[in-house]
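Report on the structure given below.
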Amino acid sequence: MTIQKINPRFAVLALFMLVVAAMRIPNAASLTPWSNFTPIGAMGLFGGAYFSKAWKAFAFPLLTLLVSDLIIQAFVYDGKYGIMYDSWYWVYGGFCVIVLFGKWLLKKVTIKNVVLTGAVATLAYWLIVDFGVFLFGCTDITSGQTMDHSFSSLLKCYAQGAPFIKNFLIGT
């Protein structure tokens with residue numbers, strides 16, 4: 001019987017994934033000033049930049065997101081929304097876009113490129129994800145009513161998401 005050694009690089013990546021997934025859980029039950037403040041966007045960017053195999057670049061952030069989403073849905077929300085929330089594929093699609101930005105724009109990793117790519121990827125993520133929220137019924141935070149599908153409601157939905165995307169950008 002042979003005992004296989006654990007690749008140190010894999011162990012570090014797995015630990016990083018667990019830590020980032022765990023960081024999402026405390027703020028899931030209620031919206032706080034720290035909501036969305038996690039480095040999961042950075043995982044997408046650097047996954048895209050550093051993994052030569054595309055499946056690894058996408059798997060790194062998406063598996064982290066999936067594990068934390070399943071835990072949040074099961075234990076924080078007690079299955080209230082089923083296994084996954086309605087607009088989950090918009091969120092996951094947004095992360096795929098972040099990975100692509102990492103592949104395309106971080107060919108040379110410099111502070112300038114990381115900041116620029118992080119900002120552009122965060123903006124794209126915000127536009128994609130909040131559009132998905134809008135399609136599934138964005139709720140007006142002042143009245144509690146579901147907004148109609150008008151252009152002004154879309155803009156309001158984006159405005160309501162701005163504080164959270166700010167934290168996402170800082171975390172990224």
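The values are calculated or read from the model by the stated rules, or taken from the named source; none is laboratory data. As the structure is a prediction and not an experimental result, all values here were calculated from the model. Positions of Cβ are generated from backbone atoms using ideal geometry, with glycine treated the same way; all protein chains shown enter the neighbour counts. Note: areas computed on protein heavy atoms with side chains; ligands, DNA, RNA excluded. Shrake-Rupley method; radii C 1.70, N 1.55, O 1.52, S 1.80 Å.
Numerical summary
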item: Cβ pairs under 9 Å, 6+ apart, first in the range 58-72 and open to solvent by 20 Å² or more (accessible area, probe 1.4 Å), second part of a helix (DSSP H, G or I) and among the hydroxyl-bearing types (Ser, Thr, Tyr); result: Leu62/Tyr92; Leu66/Tyr92
item: Sole residue being at pLDDT 90 or above and either surrounded by fewer than 16 Cβ atoms within 10 Å (Cβ to Cβ) or in contact with a Pro (Cβ under 6 Å, 6 or more places away or on another chain) (or both), chosen from Gly93, Gly79; result: Gly93
item: Meets criteria (among the small types (Gly, Ala, Ser), under 19 Å from Leu18 (Cβ atoms) and at pLDDT 90 or above) for Ala74; result: no
item: Residue satisfying all of: in the range 39-48; open to solvent by less than 30 Å² (accessible area, probe 1.4 Å) and hydrophobic (A, V, I, L, M, F, W, C); farthest from the chain's Cα centre (by Cα) among these; result: Leu45
